[in-house]
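Have a look at the structure below, then the notes.
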């Protein structure tokens with residue numbers, strides 16, 4: 001019980017730290033973007049901030065998620081296993097930490113938009129599931145990359161990234177030449193907003209779970225050296 | 001009394017078998033010395049015994065329960081491994097000492113923070129420094145703090161005194177004996193500085209080329225190890241029924257190391273010199289062959 005509380009406090013501190021990083025990244029991007037904004041009066045400016053800052057928070061959060069996912073595997077995986085955590089539970093802890101960060105970012109965006117109460121903020125709230133899907137996908141990518149780097153080192157990561165780049169390029173060229181259509185995008189315009197969001201969340205969640213399973217399988221017999 | 005048992009432990013890396021079917025039993029309440037040459041397989045063996053590495057074949061159990069990925073069993077074990085000075089920025093080395101010890105305090109269930117704080121102060125460790133910025137000696141101190149403060153029933157230390165000066169090494173042995181006397185914990189210590197550590201080892205495990213050459217009470221081993229020297233013919237006559245190791249010949253003089261088996265006695269009536277050996281010399285005699 002006592003060790004459970006200590007672990008909760010430890011990961012809670014980590015969560016807070018990474019939320020602060022996400023906020024800081026979002027603030028920097030927002031300030032850079034908003035230097036061109038005309039101040040038409042305090043209330044209007046505040047309204048603009050409340051309406052637009054969450055988008056930067058999502059973007060900042062995505063960047064931080066990507067970075068911490070890799071560093072969790074590279075740094076914390078070997079340390080936690082050397083401190084007698086099982087490999088499976090360590091992967092699970094990392095996944096839970098990333099999910100809690102995503103939830104924290106989304107919750108903060110939701111609160112800011114709720115406080116704003118404007119039409120634009122209402123639109124933002126509707127698009128939160130899409131943001132969730134995007135953040136889950138980013139987290140999944142970082143889990144894949146972090147796992148590959150931990151298991152096969154930087155060479156493995158470079159090969160993985162090259163395969164993704166080449167594959168994506170070839171798919172793009174193929175689609176651009178009209179030889180292959182992945183899907184007819186027009187259905188997105190007719191899809192109800194809530195279903196659209198649900199599709200994104202489902203896809204993001206599927207990617208995240210796949211990445212988690214991949215990580216657990218690849219690292220199940222990982223040797224800890226330092 | 002708890003027992004950590006390894007049966008048929010084999011490890012293969014890419015076609016190269018580094019551990020060959022090792023059988024080992026470690027009882028609680030003892031201090032074991034694990035000695036062997038570089039590349040003998042000591043660290044690999046320790047990491048397999050503590051689930052840091054998987055065996056290609058064989059089993060490791062603790063009181064009959066498998067050790068591999070078993071949190072119930074892992075609670076009783078702690079492997080404080082040698083932290084490499086070549087830790088990169090993107091790996092464990094990116095952590096600060098404070099963070100590393102904090103993780104230890106969270107996940108080692110019997111962690112004693114008071115002892116850890118006392119040792120940090122005694123060693124003068126800078127907690128805000130990153131692990132990859134520490135000297136070899138300071139890294140050894142971090143290893144020692146984790147090992148002693150973990151209060152684990154079975155604690156494994158891999159080269160804990162590497163990089164420590166002689167004063168620090170003496171202090172480590174004192175701390176080890178204090179902890180052992182107070183708690184009766186089991187320690188398994190691998191080291192290259194054999195003669196210094198020999199006094200604390202109740203049992204010695206000698207590993208050579210992936211096999212366990214011997215596992216024996218240290219004093220019993222030393223009681224049956226002798227160096228016999230003299231004229232070549234006299235030595236050969238005296239040792240005709242004994243297994244000899246590490247033969248050294250210089251002109252017409254010869255020196256050999258013998259380990260008496262049960263029932264064997266030292267040769268008498270020969271013109272030879274017989275000397276007792278220390279643990280280091282026994283080790284060199286047994287593991288230094290073929291150079």
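The values are calculated or read from the model by the stated rules, or taken from the named source; none is laboratory data. Keep in mind the model is a prediction, meaning the values are calculated, not measured. Glycine also receives a Cβ, built like all others from the backbone with ideal geometry; neighbour counts cover every protein chain displayed.
One line per residue, one yes/no per condition, for (1) more than 14 Å from every other protein chain (Cβ to nearest Cβ); (2) part of a helix (DSSP H, G or I); (3) at negative phi; (4) in contact (Cβ under 8 Å) with a residue 60 or more places away in the chain:
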site: A:12; (1), (2), (3), (4): no, yes, yes, no
site: A:17; (1), (2), (3), (4): no, yes, yes, no
site: A:22; (1), (2), (3), (4): yes, yes, yes, yes
site: A:51; (1), (2), (3), (4): yes, yes, yes, yes
site: A:69; (1), (2), (3), (4): no, yes, yes, yes
site: A:72; (1), (2), (3), (4): no, yes, yes, yes
site: A:85; (1), (2), (3), (4): no, no, yes, no
site: A:95; (1), (2), (3), (4): yes, yes, yes, yes
site: A:112; (1), (2), (3), (4): yes, yes, yes, yes
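Just for strands (runs of 3 or more DSSP E) wholly inside segment B:29-138: which have at least 1 residues that are within 13 Å of chain A (Cβ to nearest Cβ)?
Working: elements: B:31-36, B:57-62, B:77-80.
Fully inside segment B:29-138 and qualifying: B:57-62, B:77-80.
Could you check segment B:117-162 and list, in sequence order, the residues that are closer than 23 Å to residue B:192 by Cα and touching a residue at least 60 places away in the same chain (Cβ under 8 Å)?
Answer for segment B:117-162, where residues must be closer than 23 Å to residue B:192 by Cα and touching a residue at least 60 places away in the same chain (Cβ under 8 Å): B:143, B:144, B:146, B:147, B:154, B:155, B:156, B:157, B:158, B:159, B:160, B:162.
Using the structure shown, decide if residue B:157 is crowded, with 22+ Cβ neighbours inside 10 Å, within 14 Å of chain A (Cβ to nearest Cβ) and more than 23 Å from residue B:33 (Cα to Cα).
Numbers: crowded, with 22+ Cβ neighbours inside 10 Å: yes; within 14 Å of chain A (Cβ to nearest Cβ): yes; more than 23 Å from residue B:33 (Cα to Cα): no.
Considered against the rule, which asks whether it is crowded, with 22+ Cβ neighbours inside 10 Å, within 14 Å of chain A (Cβ to nearest Cβ) and more than 23 Å from residue B:33 (Cα to Cα), residue B:157 comes out as no.
Checking the condition surrounded by 17 or more Cβ atoms within 10 Å (Cβ to Cβ), within 31 Å of the chain's Cα centre (by Cα) and not assigned by TED's automatic domain parsing to the domain that holds residue B:195, which residue from B:212, B:235, B:256 passes? Break it down stepwise before answering.
Working: B:212 fails: not assigned by TED's automatic domain parsing to the domain that holds residue B:195; B:235 fails: within 31 Å of the chain's Cα centre (by Cα).
Selected residue: B:256, the only one of B:212, B:235, B:256 that is surrounded by 17 or more Cβ atoms within 10 Å (Cβ to Cβ), within 31 Å of the chain's Cα centre (by Cα) and not assigned by TED's automatic domain parsing to the domain that holds residue B:195.
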